[in-house]
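The values are calculated or read from the model by the stated rules, or taken from the named source; none is laboratory data. No experiment lies behind these values; they were computed from the predicted model shown. Neighbour counts run over all protein chains shown; Cβ positions are idealised from the backbone, glycine included.
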Amino acid sequence: MPTVSVKKTNPDGTVTTENEIEINVEKGLGIWEAFEAQGHKLPAGCLKGMCAACRVQVLAGAENLAEAGPTEKETLELVLKNKDPQEIAGKTIRLACQAKISGDGAIEIAPFN
Ligand code: FES
């Protein structure tokens with residue numbers, strides 16, 4: 001069964017496991033939905049892929065998420081175009097309310113502002 005864990009990134013880019021939450025998830029669920037189903041609240045707004053309040057950095061296991069749909073891609077393009085390119089270089093950013101778990105492996109995420 002796949003797992004998703006929430007970690008925290010420090011300002012210097014290092015990752016901490018302090019207050020880490022890890023859950024077992026069903027394939028096919030969205031990240032936000034999977035946490036909600038187990039009583040954990042991740043940041044969110046519209047839950048429709050439009051506001052990007054739920055954006056996360058995928059630290060590991062991006063291959064275990066289904067490809068972003070058109071709404072998620074459009075919203076991320078709008079949000080990320082205003083970021084410093086160095087800040088997002090090489091990072092996988094997804095919307096937790098839209099990113100569906102599709103693989104069997106571990107996924108690690110961290111909130112991304
Ligand atoms: S909560 Fe609005 S895009 Fe996910």
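What tally of residues in the range 47-63 results from selecting those that are aliphatic (A, V, I, L, M) and more than 6 Å from the ligand (Cβ to nearest atom)?
5
Here are Glu26, Glu36: which of them is of a type in the set (Asp, Glu), out of contact with any strand residue (DSSP E or B) (no Cβ under 7 Å at 6 or more places or on another chain) and at pLDDT 95 or above?
Exactly one residue qualifies, and that residue is Glu36.
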Residue under evaluation Leu76, criteria (1) out of contact with any strand residue (DSSP E or B) (no Cβ under 7 Å at 6 or more places or on another chain); (2) within 13 Å of the ligand (Cβ to nearest atom); (3) not in a loop (DSSP other than H, G, I, E, B), criterion not met: (1)
Restricted to the range 4-40, and to residues that are assigned to a loop (DSSP other than H, G, I, E, B) and of a type in the set (D, E, K, R), which residue is surrounded by the fewest Cβ atoms within 10 Å (Cβ to Cβ)? Asp12
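Taking the range 79-94 only, how many residues are in a loop (DSSP other than H, G, I, E, B) and exposed (fewer than 10 other Cβ atoms within 10 Å of the Cβ)?
Final tally of qualifying residues: 5.
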State whether one or more residues within the range 23-39 are in contact with a Lys or Arg (Cβ under 6 Å, 6 or more places away or on another chain), within 16 Å of Phe112 (Cα to Cα) and not hydroxyl-bearing (Ser, Thr, Tyr). no
